[in-house]
Amino acid sequence: MSIRQARTEDISRIAEMMVVNYRTNFYQYFQNDEFYFGELNVLSVANEYFDNPQLLANCYVYDDGAVKGFIRVNGDEIEKLYVEPQFQSQKIGAQLLHFALHELKAKWLWVLERNSRGISFYKKNGFDFSGEKQLEDDWIPLLKMVKA
């Protein structure tokens with residue numbers, strides 16, 4: 001396994017993976033051009049990490065010579081898990097998730113209710129719904145999943 005603590009020089013890759021994954025996985029549901037192709041850009045996401053060092057401190061990257069995925073854990077919550085689309089379905093996400101569960105003692109996460117691919121991935125890796133639901137930004141439905 002090639003998972004390590006994220007470093008400052010990883011910020012651009014982390015930001016790039018977040019932007020690509022948000023556009024690939026979530027644009028279809030929200031179709032908000034202003035957000036997905038304006039506000040959401042690599043520079044703005046990278047600046048969030050530069051401006052808030054705790055975000056980077058909570059990140060771990062899958063690096064086998066190239067940073068191909070990352071996970072961000074805050075306490076026992078998995079906040080982000082993204083793998084570069086070209087490297088998905090190669091067990092990188094599962095390795096990052098396993099690392100977070102066993103090394104960082106993560107236990108739960110929020111998943112977009114419409115994200116059937118993400119839900120399937122988490123269920124395959126031992127998560128199930130807790131029954132809790134919340135609205136992000138007052139209209140985006142998220143479901144809580146916990147490690148069974």
message: Name the single residue that is farthest from Asn74 (Cα to Cα) among those in segment 107-142 being in contact with a Phe, Trp or Tyr (Cβ under 8 Å, 6 or more places away or on another chain) and outside any strand (DSSP E or B).
response: Arg114
field: When residues of segment 107-148 are limited to those that are within 30 Å of Ala66 (Cα to Cα), surrounded by fewer than 14 Cβ atoms within 10 Å (Cβ to Cβ) and polar (S, T, N, Q), the one modelled with the highest pLDDT
entry: Ser120
query: Just to be sure, is Glu77 among the charged types (D, E, K, R), touching a Leu at 6+ places or on another chain (Cβ under 7 Å) and modelled with pLDDT under 95?
result: no
query: If you check every pair at least six apart or on different chains, which have Cβ atoms under 9 Å apart with a residue in segment 84-106 that is under 14 Å from Ile71 (Cα atoms) first and a residue that is modelled with pLDDT under 95 and loosely packed, with under 13 Cβ neighbours inside 10 Å second?
result: Gln95/Met1; His98/Met1; Phe99/Met1
- prompt: Does segment 67-74 include one or more residues that are farther than 20 Å from Phe127 by Cβ and polar (S, T, N, Q)?
  reply: no
task: Hey, could you check segment 1-24 for residues that are in contact (Cβ under 8 Å) with a residue 60 or more places away in the chain and in a loop (DSSP other than H, G, I, E, B) and say which is nearest to Asp63 (Cα to Cα)?
output: Ser2
query: In segment 86-106, how many residues are surrounded by 16 or more Cβ atoms within 10 Å (Cβ to Cβ) and either of a type in the set (Asp, Glu) or outside any helix (DSSP H, G or I) (or both)?
result: 3
- request: Would you check which residues across segment 25-67 are assigned to a helix (DSSP H, G or I), of a type in the set (S, T, N, Q) and more than 16 Å from Asp10 (Cβ to Cβ) and list them?
  value: Asn25, Gln28, Ser44
Asp33 being modelled with pLDDT under 95 and over 23 Å from Ser130 (Cα atoms): yes
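The values are calculated or read from the model by the stated rules, or taken from the named source; none is laboratory data. Worth saying up front: this structure is predicted, and the values here are computed from it rather than measured. Neighbour counts run over all protein chains shown; Cβ positions are idealised from the backbone, glycine included.
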